[in-house]
Amino acid sequence: MRALGAAGIAGAMLVVACGGSGGNGSGPAVALPGTGTATAATAGAPASPTAAPASSSTLSLAAQVGQKMFFDKNLSGSGAMSCASCHDPAHAHAPANDLSVQLGGAHMDLAGLRAVPSLRYKDITPPYADLLDNPDGISVPGPGGGFTADGRADTLAAQARIPLLDPIEMANASSADVVKKLQAADYAPLLVKAFGAKVFDDSDAAFANALLSLQAYQLEDKSFHPYSSKFDLYAGNKIGGALTPAEARGLKVFANPATGNCASCHYQGAGLNGSSALFTDFSYEAIGVPRNAGIPANNNVQYFDMGVCGPLRTDHAPAAPNAANSFCGMFKAPTLRNVATRTAFFHNGVMHSLEQVIRFYNTRDTQPELWYPTVGGTPKAKNDPGFPGYGLVTTQYTGGKVQKYDDLPAAYAPNIDTQLPMDGRAAGSAPPMSEQDMADLICFLNTLSDADTKPATPTKPGACVN
């Protein structure tokens with residue numbers, strides 16, 4: 001693995017996240033290892049999570065408190081949502097459904113603003129910095145690190161504060177409200193044992209300890225970072241880790257700066273703080289993800305979620321509306337571990353299959369009409385035979401103009417990263433990857449799934465062999 005990081009990855013680190021193929025709507029298509037786009041509503045009650053595992057004697061007292069809290073629905077204003085409701089251990093600590101955003105709030109009827117991420121493999125994440133050294137040792141320092149899609153929390157404890165107090169998530173009235181619920185919990189004696197007899201005397205200190213407990217649980221419990229995937233066996237030269245020819249080709253596509261170039265942001269070499277194979281460099285990129293019309297907040301045409309520059313994060317906000325700001329449109333590159341188990345992708349959950357995501361990377365520029373709305377055109381009564389059906393836009397138009405980057409004000413279009421595979425090549429030109437490249441890449445990405453997970457779209461029998 002380290003040899004790979006030093007050789008095949010070095011040049012790839014300079015470019016944007018992973019790509020895929022989709023062609024230009026003509027020519028034969030290679031059968032994909034996993035196909036089908038999940039039909040997803042934008043909001044709904046979280047599925048019932050897997051039951052809490054038995055308390056482990058290897059966990060510290062604080063982590064044992066955090067484990068209890070993680071599965072406690074009484075810690076929400078509705079009494080119906082726990083951390084595990086959206087971060088189900090059986091789904092790599094991500095949602096168990098395919099919804100773009102989840103419902104929350106005091107009555108479980110308020111739609112979220114962003115897709116819920118997995119909580120796995122967060123233990124090495126550094127605090128946010130505008131100029132974070134890139135772990136690849138090649139790329140220049142840039143925005144990186146932090147928790148949430150915009151990096152506004154520097155620790156897992158700080159991140160845990162957000163959903164507990166957010167009115168559209170766990171909807172507690174105040175930190176004191178959370179502490180009162182902890183004091184009434186059947187595991188209150190465990191808090192006393194962990195933090196002392198006076199743990200509840202100071203409400204602010206008690207809340208801080210509660211957040212540290214959630215952090216301790218995520219840092220100490222192996223289920224949050226099991227490193228049990230086939231790729232881990234491969235990297236450790238263990239039995240069961242031999243890659244098939246298709247998976248091996250997919251790894252090459254992943255690292256190749258001229259095709260997939262995934263490794264440029266989803267770096268898998270030796271990283272920060274002694275880590276390796278995290279499949280992220282903690283960086284932020286603006287790639288122009290299409291607007292998700294299903295998120296209720298987006299009904300306001302003036303509302304734009306622009307990541308690091310706001311509105312949820314406020315310390316990097318533009319000085320005035322549309323004022324120059326290089327942070328607008330930037331979102332964190334997540335780990336690709338367990339990516340094949342997900343059913344909602346990007347910060348706004350606008351896409352619902354790994355195939356669709358890879359095709360977006362490959363054809364955002366060559367066929368933008370598949371991903372963004374066409375303004376002023378005339379819809380065809382029947383699509384041409386070669387018109388692809390895998391995009392977000394499934395109706396073919398004649399005339400009109402494609403409204404590219406429709407979820408970012410035009411003033412910030414210059415912030416869009418133009419590195420391959422999203423290198424700004426002309427519409428109608430050949431995409432960077434072939435159908436075979438894309439199929440192989442999906443096969444490789446499936447090797448990043450932990451042993452306790454299931455793929456969202458099972459690969460077709462034999463598709464990832466030869």
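The values are calculated or read from the model by the stated rules, or taken from the named source; none is laboratory data. Source: prediction; values computed, not measured. Cβ placement follows ideal geometry from the backbone for every residue including glycine, while neighbour counts extend to all protein chains displayed. The area values use the complete protein model at the heavy-atom level, side chains included, leaving out ligands, DNA and RNA. Shrake-Rupley method; radii C 1.70, N 1.55, O 1.52, S 1.80 Å.
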- If only one of ASP133, ASP150 is open to solvent by less than 20 Å² (accessible area, probe 1.4 Å) and within 26 Å of the chain's Cα centre (by Cα), which one is it? ASP150
- Query: Looking at LEU278, is it at pLDDT 95 or above, over 21 Å from the mean Cα position of the chain (by Cα), under 26 Å from ASP440 (Cβ atoms) and hydrophobic (A, V, I, L, M, F, W, C)?
  - Reply: no
- Message: When you scan the stretch 319-333, do you find a residue that is closer than 30 Å to ALA451 by Cα, open to solvent by less than 30 Å² (accessible area, probe 1.4 Å), out of contact with any Asp or Glu (no Cβ under 9 Å at 6 or more places or on another chain) and modelled with pLDDT of 95 or more, even just one?
- Response: no
- Answer with yes or no whether GLN183 is out of contact with any helix residue (DSSP H, G or I) (no Cβ under 7 Å at 6 or more places or on another chain), modelled with pLDDT of 95 or more and either aromatic (Phe, Trp, Tyr) or buried (at least 18 other Cβ atoms within 10 Å of the Cβ) (or both). no
- Message: Just to check your reading of the model, which residue among ALA340, ALA413 is under 23 Å from ARG425 (Cβ atoms), of a type in the set (Gly, Ala, Ser) and not in a strand (DSSP E or B)?
- Response: ALA413
- Test PHE331 against the stated conditions and say whether it is touching a residue at least 40 places away in the same chain (Cβ under 8 Å), among the aromatic types (Phe, Trp, Tyr) and not in a loop (DSSP other than H, G, I, E, B). yes
- Query: Is it the case that the stretch 110-119 has a residue that's farther than 24 Å from SER223 by Cβ, among the charged types (D, E, K, R) and out of contact with any Pro (no Cβ under 9 Å at 6 or more places or on another chain)?
  - Reply: no
- Message: Name the residue that is nearest to CYS443 (Cα to Cα), counting only residues in the stretch 245-263 that are crowded, with 19+ Cβ neighbours inside 10 Å and charged (D, E, K, R).
- Response: GLU247
- Query: Out of the residues in the stretch 136-147 that are of a type outside the set (Phe, Trp, Tyr) and buried (at least 21 other Cβ atoms within 10 Å of the Cβ), which is nearest to LEU312 (Cα to Cα)?
  - Reply: GLY146
- Hey, could you check the stretch 415-433 for residues that are open to solvent by 50 Å² or more (accessible area, probe 1.4 Å) and of a type in the set (S, T, N, Q) and say which is nearest to GLN268 (Cα to Cα)? GLN419
- Task: Write out, first by first residue and then by second, each pair whose Cβ atoms fall under 6 Å of each other, whose residues are 6+ apart or on separate chains, and whose first residue, in the stretch 67-96, is under 18 Å from LEU219 (Cα atoms) while the second is β-branched (Val, Ile, Thr) and in a helix (DSSP H, G or I).
- Result: ALA92/THR341
- Message: Quick check on the stretch 253-276. Is at least one of its residues in a helix (DSSP H, G or I) and farther than 24 Å from PRO143 by Cα?
- Response: yes
- Message: Take the residues in the stretch 354-404 that are aromatic (Phe, Trp, Tyr), assigned to a loop (DSSP other than H, G, I, E, B) and open to solvent by 30 Å² or more (accessible area, probe 1.4 Å); name whichever of them is farthest from THR259 (Cα to Cα).
- Response: PHE387
- Residue satisfying condition, being small (Gly, Ala, Ser) and not in a loop (DSSP other than H, G, I, E, B), within set ALA297, ALA293, ALA317: ALA297
- Query: Taking LEU278 and the conditions (1) out of contact with any strand residue (DSSP E or B) (no Cβ under 7 Å at 6 or more places or on another chain); (2) open to solvent by 30 Å² or more (accessible area, probe 1.4 Å), which numbered condition does it fall short on, given that it satisfies the others?
  - Reply: (2)
- Total residues in the stretch 61-78, condition under 14 Å from LEU182 (Cβ atoms), part of a loop (DSSP other than H, G, I, E, B) and not acidic (Asp, Glu): 2
- Message: Looking only at the stretch 437-466, count every residue that is open to solvent by 50 Å² or more (accessible area, probe 1.4 Å), farther than 27 Å from PRO226 by Cβ and touching a helix residue (DSSP H, G or I) at 6+ places or on another chain (Cβ under 8 Å) and tell me the total.
- Response: 1
- Scan ALA205, ALA235, ALA242 and give me the residue that is under 30 Å from ARG359 (Cβ atoms), of a type outside the set (Ser, Thr, Tyr), free of Cβ contacts under 8 Å to residues at least 12 places away in the same chain and surrounded by fewer than 23 Cβ atoms within 10 Å (Cβ to Cβ). ALA242
- Task: Take the stretch 83-109 and flag every residue that is in a loop (DSSP other than H, G, I, E, B) and buried (at least 23 other Cβ atoms within 10 Å of the Cβ).
- Result: HIS87, ALA92, HIS93, PRO95, LEU99, SER100, VAL101, GLN102
